[in-house]
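Have a look at the structure below before the remarks.
The values are calculated or read from the model by the stated rules, or taken from the named source; none is laboratory data. As the structure is a computational prediction, the values presented were derived from the model and not from experiment. Positions of Cβ are backbone-derived with ideal geometry, glycine not excepted, and every protein chain shown enters the neighbour counts. The area values use the complete protein model at the heavy-atom level, side chains included, leaving out ligands, DNA and RNA. Shrake-Rupley method; radii C 1.70, N 1.55, O 1.52, S 1.80 Å.
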Amino acid sequence: MPQPFPFLIIVVILVAGGAVYALITPDARMWIDRFPVEVTVIAGGSAAVVALLAAIALGIGSGAQRRRDALETARSAEARALAAAIQGELAALNQWLIARTEALERLSRNQQLGTNRSVEELEIPRSAARTIFEANASRLNLLGPDLASATAYCHAAFERAEWQLIATPEFFDRHDIDVLQAISLKLEKTGQYLEAFAGGAVFQIADADRKMIFAPTPIEADI
């Protein structure tokens with residue numbers, strides 16, 4: 001089946017050109033008048049068939065375009081929903097990270113004051129779930145390359161920090177707490193972009209923000 005719109009345009013041009021030629025050329029009119037009635041009927045029937053084919057082609061093309069538009073709309077809605085879900089999860093992870101950082105700061109102050117309290121007594125949560133990211137890692141392409149890479153990077157940085165917090169929380173010092181705060185800022189900034197994307201914004205991450213998000217932390221550099 002030919003492409004509908006170019007095909008229809010060609011048909012219209014041919015028909016219009018033929019009609020104009022017949023109207024302005026006496027010899028052409030006389031030639032048409034000498035045709036038998038049967039030939040005229042066949043020609044008229046052929047023109048009707050061509051018009052019908054053009055209408056069918058146009059209808060098929062319009063239907064295909066509507067389906068493409070519907071698929072694009074559904075894909076856009078799916079991408080925004082995914083961005084909103086991951087943004088919510090990043091916010092929860094950031095809250096967890098902030099709570100852990102504050103608990104470690106209290107532990108550091110207590111140690112400086114000579115108070116020998118355990119990590120458990122400070123009620124530090126042990127881990128944070130990343131179910132949305134893990135379940136949708138294969139669908140991050142819906143967010144576009146910028147947000148997909150930033151989201152994956154933030155989760156990797158968080159996972160590394162979480163592992164170190166769980167493994168050796170009693171050995172964290174002021175420098176390590178600063179690192180956790182830097183990771184918290186990465187999560188917050190990426191979450192802001194995800195929130196904007198979920199709201200329908202079309203953009204790329206600003207260069208300064210990209211540099212901040214992807215800047216390696218000392219924890220990552222030691223891997």
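Structure above, values below:
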item: Residue that is modelled with the lowest pLDDT, among those in the range 63-106 that are of a type in the set (Gly, Ala, Ser) and open to solvent by less than 20 Å² (accessible area, probe 1.4 Å); result: 63
item: Test set (1) part of a helix (DSSP H, G or I); (2) farther than 17 Å from residue 153 by Cα; (3) aliphatic (A, V, I, L, M) - residue 208 fails condition number; result: (2)
item: Every residue from the range 68-99 that is touching a residue at least 60 places away in the same chain (Cβ under 8 Å) and basic (Lys, Arg); result: 75, 80
item: Residues of the range 158-205 that turn out to be modelled with pLDDT under 80, part of a loop (DSSP other than H, G, I, E, B) and crowded, with 19+ Cβ neighbours inside 10 Å, as a count; result: 1
item: Positions within the range 132-145 being out of contact with any Leu (no Cβ under 9 Å at 6 or more places or on another chain) and surrounded by fewer than 16 Cβ atoms within 10 Å (Cβ to Cβ), in sequence order; result: 134, 135, 137, 138, 141, 145
